[in-house]
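See structure below.
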Amino acid sequence: MATESRRPPGASDRPERGPGPMARNAMLGAASAVLFILGLLITESFGETAVDVDLKPFFAPYLLIAVARFGIPTLSVGLGAALGEGVIDVFEGYELDDPVGFIGYVVGFTAFGWYVHEVSTDPRRPRSLLVGATLGAFVQAAFEGVAYLAFEASAGYVGASVSVVGNTAAHGVILGGLPLVVLLPRVSDRLERFVA
């Protein structure tokens, strides 16, 4: 009796071209970390504009998430951005609230991916991108606001609120949604080839 192949009919004997899912996710995380670090090197030079409000290039991870699917790829991008921020934090000087911010990055970027890919009807529509970018930045800023209250001796509720609102606007709209809406149509084909 001949042994039957468990391969579906018509399947090729050649291995699948390109990296497998695990390697692809690692590449997404690494690309996110590198892009975020490069962006931070520029935006961090401006310093803080108000109480714990700064400029972060959220559009870079958002671009990768917008062309990837929701799930592990989204998580990989969020983790990469968090690691990129961590690298910069090491050189700037480690603070007690940095681990909370790390978690905030992962959860915030995942919230963006969830909204864009699972909630919105059209993930490429500018309104969907702006709402998702603002949501992701708000989630991350909320983690930062709580950390600010918990670890900053002089922090109060007003300062923490200013931090959350300011960072949501700076990360979610100014350096999040607006650049994303402009750049995504121009780079999506190239990014999709990278992600595929």
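The values are calculated or read from the model by the stated rules, or taken from the named source; none is laboratory data. As the structure is a prediction and not an experimental result, all values here were calculated from the model. Methodologically, a virtual Cβ is constructed for each residue, glycine included, from the backbone with ideal geometry; neighbour enumeration extends over all protein chains shown.
Computed quantities for the displayed model
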{"read-out": "Selection from the stretch 55-78 of residues that are in a helix (DSSP H, G or I), among the small types (G, A, S) and over 15 Å from L178 (Cα atoms)", "value": "S76, G78"}
{"read-out": "Residue among V131, V116 that is modelled with pLDDT of 95 or more, among the β-branched types (V, I, T) and either out of contact with any Phe, Trp or Tyr (no Cβ under 9 Å at 6 or more places or on another chain) or surrounded by 21 or more Cβ atoms within 10 Å (Cβ to Cβ) (or both)", "value": "V116"}
{"read-out": "Residue, surrounded by the most Cβ atoms within 10 Å (Cβ to Cβ), within the stretch 119-128, restricted to residues that are free of Cβ contacts under 8 Å to residues at least 12 places away in the same chain and part of a loop (DSSP other than H, G, I, E, B)", "value": "R125"}
{"read-out": "Hits in the stretch 71-117 - residues which are more than 16 Å from A137 (Cβ to Cβ), under 12 Å from the mean Cα position of the chain (by Cα) and not small (G, A, S)", "value": "P73, L75, L79, L83"}
{"read-out": "In the stretch 155-196, residue nearest to V131 (Cα to Cα) [restricted to those that are surrounded by fewer than 20 Cβ atoms within 10 Å (Cβ to Cβ) and of a type in the set (G, A, S)]", "value": "A169"}
{"read-out": "Some residue of the stretch 144-152 being over 15 Å from the mean Cα position of the chain (by Cα), at pLDDT 95 or above and either closer than 26 Å to L64 by Cβ or not in a helix (DSSP H, G or I) (or both)", "value": "no"}
{"read-out": "Failed criterion for G104 (all others in (1) modelled with pLDDT of 95 or more; (2) within 16 Å of V195 (Cβ to Cβ) hold)", "value": "(2)"}
{"read-out": "Count of the stretch 163-174 residues which are touching a residue at least 40 places away in the same chain (Cβ under 8 Å), touching a helix residue (DSSP H, G or I) at 6+ places or on another chain (Cβ under 9 Å) and over 17 Å from V77 (Cα atoms)", "value": "5"}
{"read-out": "Number of the condition not met by L149 [criteria: (1) under 23 Å from T43 (Cβ atoms); (2) touching a helix residue (DSSP H, G or I) at 6+ places or on another chain (Cβ under 6 Å); (3) aliphatic (A, V, I, L, M)]", "value": "(1)"}
{"read-out": "Residue, farthest from L63 (Cα to Cα), within the stretch 153-174, restricted to residues that are in a helix (DSSP H, G or I) and among the polar types (S, T, N, Q)", "value": "S161"}
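Okay, residues lined up against (1) at pLDDT 95 or above; (2) under 28 Å from L149 (Cα atoms); (3) surrounded by 21 or more Cβ atoms within 10 Å (Cβ to Cβ):
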{"site": "P57", "(1), (2), (3)": "yes, yes, yes"}
{"site": "P61", "(1), (2), (3)": "yes, yes, yes"}
{"site": "F70", "(1), (2), (3)": "no, no, no"}
{"site": "G84", "(1), (2), (3)": "yes, yes, yes"}
{"site": "F91", "(1), (2), (3)": "no, yes, no"}
{"site": "Y94", "(1), (2), (3)": "no, yes, no"}
